[in-house]
Amino acid sequence: MFRKIKEGFLVFTTSMLAGMPKVPSMRGRAWAVFQDHVATHIEGYAVKQYGDYPNDRATRYTAEFCVDQIGKYADRFGKGQRGTENEEMDLLKIAHYASMAFLIKHYNVPDLMEQLRDGPPMRTSAGSPGESRVGEDKEPGEQE
């Protein structure tokens, strides 16, 4: 869907629209572009560097730890400390940590991962969290 323009970053072309999910809103379509960047970051950087579920450090993370990491990367954004390319990578890390925090809080992660192992994630057209959950719901405050 994208072609590589530099290590880890992709460029979107209008010919790629045909392969994008059918999302009615422009914000949803823009998110689809971003999600491909995040997936490329996860596969090309995070998994290569740290391993994959269930043998990576992230398997032991809490939602609170993930949110703390988001704060760390957000705090250094725009300060020019690490250059443009690393700043872009920090934004992708923020998105990855946000997704992990969300999954920890809203899903039974081992059950979700077992279902994902058997195939692609299931999506609903409505897209509400209650309709798209996989596995058992957690009680408020329940941790992995």
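Nothing in this text is a laboratory measurement; each read-out follows from the coordinates by a stated rule. Treat the numbers as computed from the prediction; the structure is a model and nothing was measured. Note that we place each Cβ from the backbone using ideal geometry, even for glycine, and neighbour counts take in every protein chain shown.
Based on other C-beta atoms within 10 Å, arrange L116, L91 from fewest to most.
So the residues, fewest neighbours to most, are L116, L91.
If you take the beta carbon distance between D56 and N86 as r and set R0 to 22 Å, what does 1/(1 + (r/R0)^6) give as a FRET efficiency, to the nearest 0.05?
Given R0 = 22 Å and the Cβ-Cβ separation, E is 0.50.
Each residue of the stretch 56-63 in order: what ³J(HN,Hα) in whole Hz does its phi give by Karplus 6.51 cos²θ - 1.76 cosθ + 1.60, θ = phi - 60°, with x for Gly and Pro?
Each residue's phi maps through the Karplus curve to give 10, 5, 4, 4, 9, 5, 9, 4 Hz.
By per-residue mean of other Cβ atoms within 10 Å, what is the highest-first order of 65-74, 100-109?
100-109, 65-74
Set the Förster distance to 30 Å, then compute FRET efficiency between K22 and A74 from the Cβ-Cβ distance, nearest 0.05.
0.40
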